[in-house]
Amino acid sequence: DPYVKLILDKHNIQSTKHKSNNLNPTYNEQFIFNINGQKKLEVQVWDKDTILRDDLIGEDDIKLSEVFSKGYIDTWLNLTKGKFGIRSRGEIHLILEFAQ
């Protein structure tokens, strides 16, 4: 039951709803963050577990400076897991827009 966490900093975390029994979910959800000096947006994909702790599937981050300079980004992130982030765990498609 995967879901996505978007982490701007420890005080600004939002997440999608989890998708039951779906290995290739589509979320089509929108999130709004107020940016105040943060440099990156961390993207984590988790597997919801009703009995034990949720399991991290993979993660990546995107530099916000790229979004600021272009105003709009449509990109795929490679999700990795592990100490050095070398083990690929899939991809996630994001569209980010900077609005003033």
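What single numbered condition from (1) surrounded by fewer than 16 Cβ atoms within 10 Å (Cβ to Cβ); (2) among the β-branched types (V, I, T); (3) part of a strand (DSSP E or B); (4) touching a residue at least 24 places away in the same chain (Cβ under 8 Å) fails to hold for V4?
(1)
Say we look at region 20-76 and pick out the residues that are free of Cβ contacts under 8 Å to residues at least 24 places away in the same chain and among the aromatic types (F, W, Y); which of these is nearest to S88 (Cα to Cα)?
If we take residues in region 20-76 being free of Cβ contacts under 8 Å to residues at least 24 places away in the same chain and among the aromatic types (F, W, Y), then W76 is nearest to S88 (Cα to Cα).
So in region 7-26, with the set limited to residues that are among the hydrophobic types (A, V, I, L, M, F, W, C) and out of contact with any Phe, Trp or Tyr (no Cβ under 7 Å at 6 or more places or on another chain), which one is surrounded by the fewest Cβ atoms within 10 Å (Cβ to Cβ)?
L23
Output yes when any residue across region 69-85 is closer than 28 Å to Q100 by Cβ, aliphatic (A, V, I, L, M) and surrounded by 11 or more Cβ atoms within 10 Å (Cβ to Cβ), and no when none is.
Checked against the condition, which is being closer than 28 Å to Q100 by Cβ, aliphatic (A, V, I, L, M) and surrounded by 11 or more Cβ atoms within 10 Å (Cβ to Cβ), region 69-85 yields at least one hit.
Restricting to region 57-75, name every residue that is in contact with a strand residue (DSSP E or B) (Cβ under 7 Å, 6 or more places away or on another chain), over 19 Å from N12 (Cβ atoms) and not small (G, A, S).
I57, Y72, D74, T75
Quick check on my filter: what residues within region 43-89 are assigned to a loop (DSSP other than H, G, I, E, B), at pLDDT 90 or above and at negative phi?
Result: K48, R53, D54.
State yes or no: is D9 of a type in the set (D, E, K, R), at pLDDT below 95 and out of contact with any Cys (no Cβ under 6 Å at 6 or more places or on another chain)?
No, not satisfied.
The values are calculated or read from the model by the stated rules, or taken from the named source; none is laboratory data. Because the structure is predicted, anything quoted here is derived from the model rather than measured. Virtual Cβ from ideal backbone geometry, glycine too; neighbours counted across all protein chains shown.
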